[in-house]
Amino acid sequence: MPITQSAKKALRQNARRRTKNVARKDTYKKALKDIKKLLAAKETKEIQAKLALAYQALDKAAKLGAIKKNKASRLKSRVTRLIIKSK
């Protein structure tokens, strides 16, 4: 357990940040899973809307530091390639 005031505050901040980061990661992971399910079901019309949501979630996570910028870019590239390949 932390002893000093600053260490106690840092512990509180870390807990708060972790919850937000985990929520952001869950958002983009869920969006990518939804796209993969739609690809399996071959529902092309709904994929475009989900793709926009996935891009938004990935960009937000990268902007706020939950994931790195290159990881977001890589994931966007891969999911786009999957969609193009399925057409």
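Hey, can you tell me all the residues within region 62-74 that are out of contact with any helix residue (DSSP H, G or I) (no Cβ under 6 Å at 6 or more places or on another chain) and within 14 Å of Tyr28 (Cα to Cα)?
Residues satisfying the conditions are Lys63, Leu64, Gly65, Lys68, Lys71, Ser73, Arg74.
Being under 30 Å from Leu82 (Cβ atoms), at pLDDT 95 or above, out of contact with any Pro (no Cβ under 9 Å at 6 or more places or on another chain) and polar (S, T, N, Q) is true for just one of Thr19, Thr27. Which residue is that?
It is Thr27.
Across region 15-44, what is the number of residues that are farther than 16 Å from Val79 by Cα and of a type outside the set (D, E, K, R)?
5
Inspect all residues belonging to region 40-53 and state whether any of them is basic (Lys, Arg) and over 29 Å from Arg17 (Cβ atoms).
Checking region 40-53: at least one residue is basic (Lys, Arg) and over 29 Å from Arg17 (Cβ atoms).
The values are calculated or read from the model by the stated rules, or taken from the named source; none is laboratory data. Values in this document were obtained by computation on a predicted structure and should not be read as measured data. Counting neighbours? That spans all protein chains shown, and the Cβs are built from the backbone with ideal geometry, glycine included.
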